[in-house]
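Have a look at the structure below, then the notes.
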Amino acid sequence: MGKKARDIVKIGIQELLKDLNSLYADEWIAFYYYTWAASYAEGPFSPSITSEIEKISKDEFEHSSELADRIYELGGEPEKELENLQKLANCKKITFPKDERDIDGILNALTAAEACAIDGYNKLLLKISSCYTNDVRTFHLIQHILSEEIEHEEAFENLLEKKRQ
């Protein structure tokens, strides 16, 4: 992002970079846990469920890349130290059931993770919405990712519902 484009962002860039880095950390953590969950889940329903988890995992990775790009555009740097990601994250950990055949437990954990992500993106969207005309790019990025997180939560809830039928 060029100097003029940074100049028109009328919200505190350092605070915005901190918020974006927290969301960036959330996405890396989600990518890690979702990838792990896709290989962890077992049982009769697991093939269709793990397929959906893998798909959403790829979306989480894409979100981290989009956030990193925006952080760079704003003159910041995405967190590169793995041990700091959990410290920065809003959604620090996903707690899975001990039994890999507990598909309901896995889906509930993933649904809770999506709810946490939705909360984080919604808070930032509300924070920057008053400055919409001053940082349209960040606003649209956060709005886009938030809409995908809402879809992910619904996908996990639908999988839970289908499994119970």
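The values are calculated or read from the model by the stated rules, or taken from the named source; none is laboratory data. Every value quoted in this text rests on a predicted model; they were computed, and no experiment measured them. Here Cβ is always computed from backbone atoms with ideal geometry, including for glycine, and neighbour counts include all displayed protein chains.
For the stretch 63-78, give me the residue count where each residue is within 11 Å of L23 (Cβ to Cβ) and assigned to a loop (DSSP other than H, G, I, E, B). Before the answer, list the steps.
The initial filter retains those residues of the stretch 63-78 that are within 11 Å of L23 (Cβ to Cβ), namely 63-64, 66-68, 70-71, 78.
From the residues that got through so far, the ones that are assigned to a loop (DSSP other than H, G, I, E, B) too are 78.
Qualifying residue count for the region: 1.
For the stretch 71-105, give me each residue that is more than 30 Å from G12 (Cβ to Cβ), hydrophobic (A, V, I, L, M, F, W, C) and over 19 Å from the mean Cα position of the chain (by Cα).
The initial filter retains those residues of the stretch 71-105 that are more than 30 Å from G12 (Cβ to Cβ), namely 94-105.
The next check asks that each one be hydrophobic (A, V, I, L, M, F, W, C); those that pass are 94, 96, 103.
I103, the sole residue that qualifies.
Select from the stretch 128-158 the residues that are of a type in the set (S, T, Y) and under 18 Å from the mean Cα position of the chain (by Cα) and list them in ascending order. Outline the logic, then answer.
First, pick out the residues of the stretch 128-158 that are of a type in the set (S, T, Y): 129-130, 132-133, 138, 147.
Passing the criteria: T138, S147.
With outside any loop (DSSP other than H, G, I, E, B) and modelled with pLDDT under 95 as the only criterion, which of I94, I128 stands out?
Numbers: I94 fails: outside any loop (DSSP other than H, G, I, E, B).
Selected residue: I128, the only one of I94, I128 that is outside any loop (DSSP other than H, G, I, E, B) and modelled with pLDDT under 95.
Looking at the stretch 133-145, is at least one residue surrounded by fewer than 14 Cβ atoms within 10 Å (Cβ to Cβ) and more than 21 Å from N21 (Cβ to Cβ)?
The answer is yes; a qualifying residue exists.
Hey, can you tell me all the residues within the stretch 36-62 that are among the β-branched types (V, I, T), closer than 24 Å to Y121 by Cα and either free of Cβ contacts under 8 Å to residues at least 60 places away in the same chain or not in a helix (DSSP H, G or I) (or both)?
Narrowing the stretch 36-62 to residues among the β-branched types (V, I, T): 49-50, 53, 56.
This time we only want the ones that are closer than 24 Å to Y121 by Cα, so: 53, 56.
Result: I53, single match.
Considering the stretch 97-125 alone, what residues qualify as being more than 15 Å from E153 (Cβ to Cβ) and either among the aromatic types (F, W, Y) or not in a loop (DSSP other than H, G, I, E, B) (or both)? Reasoning before the result, please.
Residues of the stretch 97-125 more than 15 Å from E153 (Cβ to Cβ): 97-105, 123-125.
The answer is I103, D104, G105, K123, L124, L125.
Of all residues in the stretch 59-75, which are modelled with pLDDT of 95 or more and touching a helix residue (DSSP H, G or I) at 6+ places or on another chain (Cβ under 8 Å)? Break it down stepwise before answering.
Just the residues of the stretch 59-75 that are modelled with pLDDT of 95 or more, to begin with: 59-72.
Selection gives D59, E60, F61, H63, S64, E66, L67, A68, R70, I71.
Cβ-Cβ distance below 8 Å, separation of 6 or more or different chains: which pairs start in the stretch 104-126 with a residue that is closer than 17 Å to A38 by Cβ and end on one that is of a type in the set (G, A, S) and assigned to a helix (DSSP H, G or I)?
If the second residue must be of a type in the set (G, A, S) and assigned to a helix (DSSP H, G or I), the pairs left are I106/A37; A109/A37; L110/A37; A113/A30.
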